[in-house]
Amino acid sequence: MYKKILVAIDGSEQSSLAALRGAELALKLGATVTLFHVVPVLPVDRFRSIVVDEVKVHGKELLKQAAQDIAGFNVPTDTEMVPGHPSDAIVLKARLDGYDLIILGSRGLGGVKGYLLGSVSSAVARYAPCSVLVIR
């Protein structure tokens with residue numbers, strides 16, 4: 001069934017739950033888990049490099065925490081962080097690396113952008129090359 005699970009991590013409560021659900025499924029199905037964080041592309045200005053460095057450090061901390069949270073499941077896990085637009089990067093990663101399932105939170109840290117279903121989760125569900133599990 002599912003052998004490669006991609007879990008989007010953004011620091012929200014829903015993404016923490018997504019990591020736990022991904023680990024639970026991986027344990028039951030004998031799958032691997034990739035915890036995936038996308039660093040949003042920022043407009044170019046003179047402070048960009050400072051902000052980007054801070055955002056990357058924060059992203060690494062999020063991935064480290066998510067990996068620690070699921071360590072008790074003893075499933076093969078790796079982490080990856082890339083720059084880009086979150087929904088585009090998630091869909092591209094799943095397509096290029098042959099993931100069977102994407103798990104992500106219904107609403108991340110995007111604020112008012114997504115009313116019923118977050119804008120990232122909605123776009124991923126629409127364009128993903130595989131099944132998508134949206135955690136509420």
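What follows draws every value from the coordinates through simple rules; no lab data is involved. Just so we're clear, the structure is a prediction, and the values are computed from it rather than from any experiment. In this analysis, Cβ positions are derived from the backbone assuming ideal geometry, glycine residues included, and neighbour counts consider all displayed protein chains.
Cβ crowding within 10 Å ranks VAL33, VAL57, VAL124 as VAL57, VAL124, VAL33, fewest other Cβ atoms first. Remark: spin-label model distance LEU133-LYS60 equals 3.0 nm, labels positioned 7 Å along the Cα→Cβ axis.
Where only DSSP H runs of four or more residues are counted, the chain gives -14500 deg cm²/dmol as its mean residue ellipticity at 222 nm, each run worth -39500 (n - 2.57).
Using 0.36 nm per residue and subtracting the Cα-Cα separation, the extra length available between GLU24 and ASP100 on full extension is 25.8 nm.
The distance between label points at VAL41 and VAL82 comes to 1.3 nm (points 7 Å beyond Cα on the Cα→Cβ vector). For the range 4-135, a crude dipole built from +1 on the beta carbon of Lys and Arg and -1 on the beta carbon of Asp and Glu, taken about the Cα centre, is about 240 debye to the nearest 20. From the list [x] 13, 46, 33, 8, 1; [y] 12, 41, 34, 10, 2, 0; [z] 11, 32, 26, 20, 9, 1, can you say which value of P(r) over Cα pairs in 10 Å bins from 0, in percent was derived from the structure given? Answer by label: [x]. If you average the sequence gap of Cα pairs under 8 Å that are 6 or more apart and divide by the length of the chain, what percent do you get for the contact order? Normalised by residue count, the contact order of the chain is 33 percent.
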